[in-house]
Amino acid sequence: MQLFAHAHATHPQWRMAAALVLAQLRAQMALPGYAATPSLALLYITDHYAPHAQDILDHLSAELPEVTDWAGTVGVGIAANNVEYFDEPALAVMLCDLSPDQYRVFSGVAPLPPGGSDAAGFVAHTALLHADPGAHDLGELIVEMAERTQSGYVFGGLVGSRSASVQFATSSAGHLRGQGAVGGVFTGGISGVAFGPEVALISRVTQGAQPIDREREITAIDGSLVLTLDGEPALDLLLDELGVSLAQPQQAMERLRRTLVGLTLPQHRLDDAPVQRHGQFGPEVMVRHIIGLDPARRGVAIAEHPPLGARLAFCERHAQAARADLIRVCSEIREELAPETLGMGGMDADPVEQDPAPPRRITGAVYVSCSGRGGLHFGAPSAELQIVRRALGDVPLVGFFAGGEIAHQQLYGYTGVLTVFTAAA
């Protein structure tokens with residue numbers, strides 16, 4: 001597998017940005033070590049270009065006739081190697097050097113078949129998902145997609161747009177039709193790319209929130225209103241942990257607006273050890289907003305409907321913790337690529353000790369980060385992507401800033417999902 005050609009550009013006029021991107025792609029495709037005839041492209045645009053999505057796809061497809069399959073979406077920001085474009089007109093493209101029999105582009109109206117295998121013998125091992133946040137039963141759709149893969153692991157994010165929430169999905173088998181769109185651009189549902197078992201991936205979730213205090217079990221709940229934690233009133237525990245009182249509402253509300261909750265559902269619990277104060281959340285934790293308080297019932301309303309027995313920790317966004325956790329997941333990926341690793345690992349690693357695996361290298365990467373992490377959250381423009389580059393090196397990378405992140409079979413918030421394609425070194 002050769003390096004994936006990748007390019008990115010910003011310009012008030014999309015045609016100028018596309019011209020810059022095409023020039024970069026063609027220059028890379030002519031270099032030794034890069035794929036000269038890739039067939040799959042990932043395309044991400046900022047929402048400034050959303051009204052021109054069809055024109056952009058048509059233009060790029062015509063200029064790159066060797067690329068027969070396209071997938072992607074729109075975000076308030078997009079990611080590329082060492083740089084982010086946030087709240088400005090921009091686009092990024094990566095041309096993936098994958099065998100056509102090892103991937104399938106799909107959409108909600110042209111889905112993967114049950115079991116993830118088709119008549120041509122393709123079997124889905126994992127999948128990159130782009131999902132509309134307004135899709136009905138979104139959580140169930142994500143789980144259903146994961147169940148159509150061998151590994152049960154999917155990754156990606158929710159479309160993030162202040163205008164049209166467009167997705168790109170077109171394949172060599174013909175445009176994926178739906179909702180009146182016949183040109184490969186549509187809205188609603190889920191689209192993406194399924195990858196076969198020969199496509200080697202390593203994927204990690206990095207959290208952006210830090211627990212304020214220990215994790216507790218939800219012992220009474222009414223819908224989204226958490227009433228008690230470990231048998232104690234949830235609101236009293238929250239106010240005590242924050243050191244505020246409703247008798248001073250202005251001070252309390254300022255603090256409460258910065259507070260979130262981290263949830264661990266019973267089926268996702270890795271062990272029974274509580275999160276320690278100033279600890280780090282693991283990938284099993286979903287961060288959700290606090291959406292209200294009920295002083296009469298001493299409850300805390302959250303943007304989720306967790307079951308009894310789920311565990312909850314009050315938390316807050318924390319730039320330093322987010323930076324440290326991003327460095328940690330990049331280090332884990334580097335370790336999996338190293339010769340001394342016990343095996344490839346990845347989505348379904350065998351815990352039994354194996355012979356040392358041969359060294360591998362990164363041929364391309366996709367990074368989906370929360371729109372709440374973009375911009376200056378890491379201290380400076382593009383700081384988040386610069387951390388990735390320092391940790392992984394100058395690797396081809398594209399991605400977008402999402403309205404929610406997808407990994408495993410869960411929908412996350414305030415996280416980053418970093419996935420790398422690997423090949424023998």
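The values are calculated or read from the model by the stated rules, or taken from the named source; none is laboratory data. What you are looking at is a predicted structure, and each value in this text was computed from that prediction instead of being measured. Cβ coordinates were reconstructed from backbone atoms using ideal geometry, including for glycine residues, and neighbour counts include every protein chain displayed. For the accessible areas, the whole protein counts, side chains as well, though only heavy atoms, and no ligand, DNA or RNA atoms are used. Shrake-Rupley method; radii C 1.70, N 1.55, O 1.52, S 1.80 Å.
Within the stretch 307-323, identify whether any single residue is modelled with pLDDT under 95, surrounded by fewer than 17 Cβ atoms within 10 Å (Cβ to Cβ), assigned to a loop (DSSP other than H, G, I, E, B) and under 22 Å from the mean Cα position of the chain (by Cα), and answer yes or no. Within the stretch 307-323, not a single residue is modelled with pLDDT under 95, surrounded by fewer than 17 Cβ atoms within 10 Å (Cβ to Cβ), assigned to a loop (DSSP other than H, G, I, E, B) and under 22 Å from the mean Cα position of the chain (by Cα).
Condition first: within 13 Å of Thr415 (Cβ to Cβ), open to solvent by 20 Å² or more (accessible area, probe 1.4 Å) and not in a helix (DSSP H, G or I). Now tell me which residues in the stretch 366-385 satisfy that. Outline the logic, then answer.
First, pick out the residues of the stretch 366-385 that are within 13 Å of Thr415 (Cβ to Cβ): 367-374, 377, 384.
With open to solvent by 20 Å² or more (accessible area, probe 1.4 Å) added as a condition, the list becomes 371-372, 377.
Hit for the stretch 366-385 is His377, nothing else.
Can you find, within the stretch 408-425, the residue that is surrounded by the fewest Cβ atoms within 10 Å (Cβ to Cβ) among those that are farther than 17 Å from Val76 by Cα and at pLDDT 95 or above?
Going through the stretch 408-425, the residues farther than 17 Å from Val76 by Cα turn out to be 408-412, 418-425.
Going one step further and asking which of them are at pLDDT 95 or above, we end up with 418-422.
On the way: Leu418: 27, Thr419: 24, Val420: 27, Phe421: 24, Thr422: 21.
Per the criteria, the residue is Thr422.
Within the stretch 88-106, the set of residues being surrounded by fewer than 17 Cβ atoms within 10 Å (Cβ to Cβ) and more than 21 Å from Ser39 (Cα to Cα) comprises just one member, Glu88.
Please work out which residue is least open to solvent (accessible area, probe 1.4 Å), limiting yourself to the stretch 53-87 and to residues that are of a type in the set (D, E, K, R) and in contact with a Gly (Cβ under 8 Å, 6 or more places away or on another chain).
Of the residues in the stretch 53-87, the ones of a type in the set (D, E, K, R) are 55, 58, 63, 66, 69, 84, 87.
The next check asks that each one be in contact with a Gly (Cβ under 8 Å, 6 or more places away or on another chain); those that pass are 58, 84, 87.
Working: Asp58: 79, Glu84: 15, Asp87: 87 Å².
Among those residues, the one meeting the criterion is Glu84.
Asp55 falls short of the stated requirement of being at pLDDT 95 or above and within 19 Å of the chain's Cα centre (by Cα).
Residues of the stretch 386-402 being surrounded by fewer than 22 Cβ atoms within 10 Å (Cβ to Cβ) and either within 15 Å of the chain's Cα centre (by Cα) or not small (Gly, Ala, Ser) (or both), which ones? Can you show your working first?
Keep residues of the stretch 386-402 that are surrounded by fewer than 22 Cβ atoms within 10 Å (Cβ to Cβ), which gives 386-387, 389-395.
Those that are surrounded by fewer than 22 Cβ atoms within 10 Å (Cβ to Cβ) and either within 15 Å of the chain's Cα centre (by Cα) or not small (Gly, Ala, Ser) (or both): Gln386, Ile387, Arg389, Arg390, Leu392, Asp394, Val395.
Limited to the stretch 240-263, what total is found for residues that are within 22 Å of Phe281 (Cβ to Cβ), of a type in the set (A, V, I, L, M, F, W, C) and surrounded by fewer than 20 Cβ atoms within 10 Å (Cβ to Cβ)? Total meeting the criteria: 2.
Here the condition is being open to solvent by 10 Å² or more (accessible area, probe 1.4 Å) and modelled with pLDDT under 95; of Met29, Met1, Met16, it holds for Met1 alone.
Taking strands (runs of 3 or more DSSP E) that do not extend beyond the stretch 51-94, which have at least 2 residues that are more than 19 Å from Ser107 (Cα to Cα)? Spell out the reasoning first.
Working: elements: 69-75, 77-80, 83-86.
Those strands (runs of 3 or more DSSP E) span 77-80, 83-86.
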